[in-house]
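A quick write-up on the structure given underneath.
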Amino acid sequence: MIEWAHPASLWLLLPAVVLWWWSTHRSIVDRPARSFWWAAGLRLAAIVCVILALARPTLPLLQERQHVVFLVDVSHSQSIDGIDAHLAEIEAAIDGLESDDSWQLFAVGSEIQTVADPETLRGRLRDWRDHTGAAGLRDASRLAAGLARVRAAFPGGFAHRLIISSDGRPTDADLAPVLTRLAEEGVDVHWWRTPGLDEAEALVASLTPSVAKAYDGEVVRFTARVRANRAMPATLRLLHRGVVVDRQQLQLTAGADRDVVFDMPMVVAGASDWTAELVPAEDHFTANNSASTTVAVAGEPRILVLHENPRAMRGFARALEGQDFAVDVRAEHGLPADMNGLLAFDAVVLAQVPATRMSTRQMTNLQRFVGDFGGGLMMLGSEESFGLGGYYQTPIEEALPLVSRYEKEKEKPSLALMLVIDKSGSMQGLPISLARQAAKAASEMLSPRDQVAVVGFDGSPFVACDLTFAGDIGSIHNAIDRLAADGGTNMYPAMTLAYDMLQRTAAQMKHMIILGDGQSQPADFAGITRRCADAGISVSTVALGGGADRALMETIAEIGNGRSYQTMDPSQVPQIFTKETMEASRSAIKEDVFTAVPVDDHPMLAGTDVSALPVSFGYVMTQPKPTAQVLVAHDSGDPLLAVSRFGLGTGVAFTADLSERWGGDWLAWDGMGKFWAQVLRSLVRKADASGMLVDQRLSDDRWHIDLERRDERGEPMTDVRWHALLMDGQGGQFEPPVRTIGYGRYELSIDTTGIDRATLQLRDLDADKSTDLHFQRPYPAEFALAKAADPALADLQTLAPADLGRSVRSVEERSSIAHWFIALALALLGGGVLFRRL
Amino acid sequence: MTFTAPAMLWWLLAALPLIALFIIRVRPRRRTTVAWFLWEGVVAERRHNALWKRLRDLWSLLLLLVALIAAVLALAEPRTDDREQRDVLLVLDTSLSMQATVDGDSRFERARDVAAAVIDTLDGNRRVALASADIALHHHAARTTDGRSLREQLATIEPSDTGLDAQVARELQALADLGDGLDVVFISDRQGLHVVRSAAASPTGSTEGSADSPSAGENPRGSLSVHVVGDEREVPANLGLVAADLRRLDGGDRRAGLYLQVASSAADSRSVEIHLAQGRPDNVVALHQLTVPAQGIADISRVIEDAEAGLWYASLGTSETADAVESDQRVPLVLRDRVPLAVAVLAQQPYFIEAAARSFAHQGGPFRLQPDPITADLVVAQGRSSESRLNVIMQPDGDSPWWQEPGAALERPAPVVVLPEHPALRHLSPGLLGFAGARELQAPPGSVVLVQDVDGTPLLYLASVDGRRAAVVNLDPHADDFVLQAAFPILLHGLAADLAGLQPLPPAVTAADQPLPVDRIHSTVADAGSPADAKDWRVHGPRSVEWSLSEARHRPVRRAGLYRLSGPGGSASISVASLDVEESRLQGADSSTVAPAIAAAWMPAWWLLVIAAGVLLLEHWWYHRRVVG
């Protein structure tokens, strides 16, 4: 039955017939009647045919042809040989198709790609086998997405058939919804099951704690699910913060999951990272051999104390432990590298550790720990604290109540500081910029009576700033800005020039700091350094980067009675320079007997007889920030104990120390434990999460968090002002919005693309309650080797490759027959003319 | 210009016999006459007009040749576009914002008109496929040249009540990138354009077609273009409910908390009246005024006293001017009561313990008493062990996995609260409890001790063994008449609530872009039976929707309205609403560049056929206006 695509065009027939009749009826043509009417009639028929063609007639036809889409899973869970073998079957099936049939081939993995033919895919298999092809495509089995996408590939007028060549273990979503949709759309789907990976493989599928939040001392059961595709012995280790705390020998069974249980007491408060690590006898992928989880442990406040010599803090630690604190005393490199590690503590005490022992990221993390996460920070006095430790103008100094800047006393000897800075081409960019910043910071630390000079060197020396009194800070900074990186490296002439300049000044102390990042041309460095030492000029050196001549720099510092520094991180140069300057000026420390004088009141001093505080035998000279509250001062007037808020947290500075050197009386004081417990209790992080119910889940690379807020009576709280802060493992941070979705209900949704681990702080701004959530990306699901295929695939009807060309469903297709009408019109036109002319 | 079927141009040879026919001289009709002299003048005149006659034949021939050439060109299907003919996937945006109606036509209707115009231009070679997009991509017609079936499918597409998912936008780009000879044309509005642009800018959007992709080299990629409809000069004013909640508050008195959030796309601040109706939409029981800032969001929270469980409706009252989208004006809300925890008591003297449990067994309360401990959710045992899934055990005695080494009675326990902040101890001062009748024992490893004697004997602790949990209260509840004290029911409630982890009730309304929370709602139906019985349950919804539970679990609803979950044990209502801020807060026209409009003109072949028919008629008239023969 003819159907019309544009039936409205048929209305043209009416005027056409009328016009034809009008013309014919009034005709003056004198032709025999029969010829006349044949000619006129055929003309009318031709016109009608043209108009019918305008209406685009179609004729429904039953077609027995099919379009076959082959979707080949090329993920890691498929062996390359297995895919290759299946391609042969696909080729045979293609050969068996009828000539009217058509087909397409797609490869599916982490994405779906069209492939011209099986041979092309075979070429890619060869690349993968030879490890020359990029394997990103094989990192996932996004079968559900692939099935959804190939729906657009089917043409009309064909029976639609889809062949899935896979082991049937998708990593993106269940296949049931998309298979239902394909069935609804009339696509005949079949699964040609591939055997999957045939290499020996064992993995940790998951590590699940019995509770997400535990209490100190609680035994938490960790269940590690392990599996293997063949029987083998293996060792499963449980690691806490990277240290193996338990291990079990296992005999894995092929194709069976095994749950291994570890009962571990929670002895460390805070966010506690646990990892299960499998060491199997045979293995193919290593990426899936571990799984991690985080347990939040509530318990005693945890204090991290950093000291170059941890033994010196034994007395302090013992006193705090007696006051129900958990104290972890670590050496100078003990500051955790990431925020998650820091958040395991409630406060950090920098007892004696120089800034040069920390990376910029560690310092920034510590600042955020205080400012954004409400942690406590306390710095004790020592030769490595405040400006002496290189903390001048660092992120850590921002979080402290006292600054290193001070007015140097008049009786101190004057200093001439010579900065000899490598400005060769290799210093281009960040290094020279930081070197300029370091020189400026060093000059700012000097008293007006001191002098500073800056000599740059490349192939030859360059006096950026001649010896200038430090009071003229503007000129010095302008001169330092003239340092630009260019040329080779020849340090000796610069040292000679610096020596000559220092020889001319009458300053009582003379110090030279040399910064170099490369190999200088050979010269008599020992000789010039010895001449410096003989002239009372001390020389310190900074070797920057792996290309620096470290041995030479060490030798110069040794001969020059100075200190040698080596760093790979240019951002540490300012800390080194300021630390050197402070040490050279020997002006920041006061040693005598100083009595503590109460200045101000504060809750952290409640219950303490401040007038009876012990004496100190020395301290680091500092001055308070405008926002700081000096609670106790030395009788000399300098601050002893000061406190200030920094963001959500608190910073405390104690300018004396708590070791035998300056704090012997403090250690002997019987009220020490109680006093410092009181100080630290007001300092530690108060992560009160009561009334915050959190439900979190991860789907499609999004971290969904449902929040419910309740008051003390359990009543849902509305109109809560939330602040959410996400910090990823790379130090990046952003504030995801919190949306109100119901009565006391709130939600966040965070895109975790590109994030491996992150910490999210959720804070109720009005009630001062907060909770930290942790995210750790598991290894890609592709390596989990799911045991069973998706059950929705198993429900599909089977179809052998040899039968692909048979049992094709008939499909009705409407074909346009407009061209037949046009051809007919042309024939009728000719016929009409024939009757006119003959 | 190129031709889709150039072989048809051979039909031009048909002009040759036509011309040949015109070369043949038409012989006049032979008639017998008796008066030659009368014809002499006529013959002379005809000789005189022979040139004119020949010209008239020539005109006739030329007209017929024009008609023939036009028809043959139409057969060859000429195209003005010289590029390779690629298939087109027309994707209609069916998200909520497409329902925005200004001046009688909705954006969706305009989008459908655009799609219909494209289908009308099908030239027999270029294939068109049809899809719609909102929370997912729905394919309606495979690639075909059959305009009629495409139009039939187009007529079945209707706008949904969900937003446009960014993943779908990425999917469109991926389809274009597939190198499958497909250009994707997304017919949408400003909202859709924004989502497509955002998806293209996101990191996941850019991962498609990596260097590893053969589509980059083997097959040319298609294009994704967005055809924007709804080019209103001003942002259409729309106020819509974008978040809603109605939940039972604890503490009896049948109180409920109501939360509503309204978004506005109006250019000025609008005052709106919110109607709250109970049972049916016209039974308004409360009115609330709310002022929504220009293109902003405002919300209200209210406590409703004595609120009956069941169906409620929140709707926006008549606004000052016409509202562009109707679907987001009203939200049905289902106020649910919690299914109480079935508590059984195993004790020699159960009366007072049951009385304590019964005090929380009022309507809407957390407990209900159940005689059979086997089917109970939680068992309260005294003087014996209990190994149900959840247990509260008082006065521990005998062997049990819940305690070890039971010993002598403690003389005078001195309780020390170990975890005062533990939620199980909320509303309680356990340090003031006497713990009379306590005995020496040890908690199993991994237990959480909440209260212990000063010598370390656990007095109150939570333990977990083989997936079962228990709270062990090391005291005799009848000693010192503890069962008669106010603290006893509070302790029982706190421990039971902590053990059961009373799950929050399903939401009062579900967003249309989510699957129905059928499992959570199934569990709230008192006699629903075990999950194994769930296969007999069905979901019925608007427009004769009927799903099994498994279907409903993973199928986004897409349509706002009331759904009903029913089965052998009873039934429950499920409310669905659009609840999408971005969709309700409509965007209007802006000056940003969008993809060029898709061609929607009639194809050249159609016009050629019109010309052919017209010229044939003209020539017919021309021929019959003269004397031939």
If you place +1 on the Cβ of every Lys and Arg, -1 on the Cβ of every Asp and Glu, and leave all else neutral, what size is the dipole of chain A about its Cα centre, to the nearest 20 Debye? 2460
Farthest toward positive dipole pole in the range A:3-105 [+1 Lys/Arg, -1 Asp/Glu at C-beta], among A:Ala16, A:Ile80, A:Leu52: A:Ala16
Amide hydrogen neighbours beyond the local backbone of B:Val102, cut-off 5 Å, H modeled: B:Arg107
FRET efficiency estimate (nearest 0.05) - Cβ-Cβ, A:Trp22 to B:Ser566, R0 51 angstrom: 0.15
Over what distance in Å are the Cα centres of the range A:367-398 and the range A:498-552 separated? 31
From the backbone phi of the range B:88-97, what are the Karplus-calculated ³J(HN,Hα) couplings (6.51 cos²θ - 1.76 cosθ + 1.60, θ = phi - 60°) in whole Hz, Gly and Pro given as x? 10, 9, 8, 10, 8, 6, 10, 6, 4, 5
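Counting DSSP beta bridges with both partners in the range A:409-505, what percentage is antiparallel, nearest 5? Don't jump to the answer; show the numbers that get you there.
Details: 6 of 13 bridges.
Close to 45 percent.
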Check which residues have an amide H placed less than 5 Å from A:Tyr565's amide H, if you skip close sequence neighbours. A:Thr541, A:Val542, A:Ala543
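Once R0 is set to 56 Å, what does the formula 1/(1 + (r/R0)^6) return for the Cβ-Cβ distance between A:Val463 and A:Asp324, expressed as a FRET efficiency to the nearest 0.05? Could you put the intermediate results ahead of the total?
Numbers: r = 61 Å, r/R0 = 1.08.
So the FRET efficiency works out to roughly 0.40.
Is there a simple number for the mean count of other chain Cβ atoms within 10 Å of the Cβ of residues in B:6-13, and what is it? Show your work: numbers first, answer last.
On the way: counts 0, 0, 3, 0, 0, 4, 0, 0.
Counting Cβ atoms of other protein chains within 10 Å of each residue's Cβ and averaging gives 1.
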With x for Gly and Pro, the residue-by-residue ³J(HN,Hα) of the range B:12-18, computed from phi through the Karplus equation 6.51 cos²θ - 1.76 cosθ + 1.60 at θ = phi - 60° and given in whole Hz, is 4, 5, 5, 5, 5, x, 5
Expressed to two decimals, the range A:681-838 has a Cα Rg over Rh, using the Kirkwood radius, of 1.49
For peptides A:472-479, A:386-393, sequence by mean Cβ density within 10 Å, most packed first: A:386-393, A:472-479
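Summing Lys, Arg as +1 and Asp, Glu as -1, what charge do residues with Cβ under 11 Å from the Cβ of A:His284 carry, A:His284 excluded?
Numbers: positive: A:Arg230; negative: A:Asp198, A:Glu199, A:Glu201, A:Glu282, A:Asp283.
For residues surrounding A:His284, the net value is -4.
Can you compute the charge dipole magnitude of the range A:1-130 about its Cα centre, using +1 on each Lys and Arg Cβ and -1 on each Asp and Glu Cβ, nothing else charged? Give it in debye, rounded to the nearest 20. Intermediate results must be reported in sequence, preceding the final value.
On the way: 10 positive and 17 negative charges, 337 e Å.
I would put it at about 1620 debye.
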Once you put a point 7 Å from the Cα of A:Ser815 and another 7 Å from the Cα of A:Asp635, both along the Cβ direction, what distance in nm separates them? 11.4
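Identify the trypsin sites (Lys or Arg not before Pro) of the range A:1-98 meeting these criteria: DSSP loop state and at most 15 other C-beta atoms within 10 Å of the C-beta. Write down the numbers at each step before the final one.
Numbers: sites: A:Arg26, A:Arg34, A:Arg43, A:Arg65; in loops: A:Arg26, A:Arg65.
Loop-located and lightly packed - A:Arg26.
Once the other residues with Cβ under 13 Å from the Cβ of A:Ala399 are scored (Lys, Arg +1; Asp, Glu -1), what is the net sum? Before the final figure, lay out the partial values.
On the way: positive: A:Arg368, A:Lys625, A:Arg645; negative: A:Asp372, A:Glu397, A:Glu398.
Result for the neighbourhood of A:Ala399: 0.
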Other-chain or far-sequence residues with amide H under 5 Å of A:Asp246's (modelled H): A:Leu238
Over the range A:103-184, give the accessible area per residue in Å² for a 1.4 Å probe, as an integer. 30
Given the C-alpha centroids of the range A:98-126 and the range B:413-484, what is the distance between them in whole angstrom? 67
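What FRET efficiency, computed as 1/(1 + (r/R0)^6) with R0 = 25 Å and r the Cβ-Cβ distance, is obtained for B:Leu13 and A:Glu64, rounded to the nearest 0.05?
On the way: r = 36 Å, r/R0 = 1.44.
Once rounded, the FRET efficiency stands at 0.10.
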Find how many whole Å separate the alpha carbon centroid of the range A:235-273 from the alpha carbon centroid of the range B:281-297. 55
Can you give me the P(r) profile for the range A:31-115? Cα pairs, bins 10 angstrom wide beginning at 0, each as a whole percent. 13, 24, 15, 12, 11, 11, 8, 4, 1
Charge-dipole axis of the range A:251-328 as Lys and Arg at +1 and Asp and Glu at -1 on Cβ define it, positive-most pick from A:Val295, A:Gln323, A:Phe262: A:Gln323
For the protein assembly as shown, build the charge dipole from Cβ charges (+1 Lys, Arg; -1 Asp, Glu) around the Cα centre, then report which of A:Leu175, B:Ala470, A:Val643 sits farthest towards its positive end. A:Leu175
Here the whole-number average of other chain Cβ atoms within 10 Å per Cβ of B:445-453 is 3
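Calculate how many DSSP beta bridges within the protein assembly as shown are antiparallel, expressed in % of all such bridges and rounded to the nearest 5.
Values: 186 of 292 bridges.
Close to 65 percent.
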Applying the Karplus parametrisation 6.51 cos²θ - 1.76 cosθ + 1.60 with θ = phi - 60° to the phi angles of the range A:262-271, what ³J(HN,Hα) value in whole Hz is obtained for each residue in order, glycine and proline being reported as x? 10, 9, 10, x, 8, 9, 10, 6, x, 6
222 nm [θ] for the protein assembly as shown, helices only, -39500 (n - 2.57) per DSSP H run of 4+, per residue, to 500? -8000 deg cm²/dmol
Fraction in percent of alpha-carbon pairs per bin - 10 Å, the range A:28-175: 10, 30, 21, 10, 8, 8, 7, 5, 2
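Excluding A:Arg504 itself, what net charge comes from residues whose Cβ is under 14 Å from its Cβ, given Lys and Arg +1 and Asp and Glu -1? Display every interim value, and only then the final one.
On the way: positive: A:Lys510; negative: A:Asp466, A:Asp500.
Spelling it out: positives minus negatives among the neighbours equals -1.
Give the A-B buried accessible area in Å², both sides summed, 1.4 Å probe, nearest 100. Mind showing how you got there, number by number?
Values: alone 36820 and 32310 Å², together 61210 Å².
Summing both chains' loss of accessible area gives about 7900 Å².
If you wrap a convex hull around the alpha carbons of the protein assembly as shown, what volume per residue comes out, as a whole number of Å³? It would help to have the intermediate numbers written out before the result.
Values: hull volume 385.3 nm³, N = 1467.
That works out to 263 Å³ per residue.
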Distance in nm between pseudo-label sites at B:Asp480 and B:Asp250 (7 Å out along the Cβ direction from Cα): 2.6
All Cα pairs of chain A, percent lying beyond 44 Å: 54
What is the extension gain from A:Asp246 to A:Gln623, computed as 0.36 nm multiplied by their sequence separation minus the C-alpha to C-alpha distance, in nm to one decimal? 130.7 nm
Stick to Cα atoms and the Kirkwood definition of Rh, then tell me Rg/Rh for the range B:54-189. 1.18
Just tell me how shielded A:54-60 is by partners: mean number of partner chain Cβ atoms within 10 Å of each residue's Cβ, no decimals. 4
Charged-residue dipole, Cβ positions (Lys, Arg, Asp, Glu), the protein assembly as shown about Cα centre, Debye nearest 20: 6880
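The values are calculated or read from the model by the stated rules, or taken from the named source; none is laboratory data. Owing to the predicted nature of the structure, the values given are computational and were not obtained by experimental measurement. Here the Cβ is made from the backbone with ideal geometry for all residues, glycine too, and neighbour counts use every protein chain on show. Accessible surface areas use protein heavy atoms only, side chains included; no ligands, DNA or RNA. Shrake-Rupley method; radii C 1.70, N 1.55, O 1.52, S 1.80 Å.
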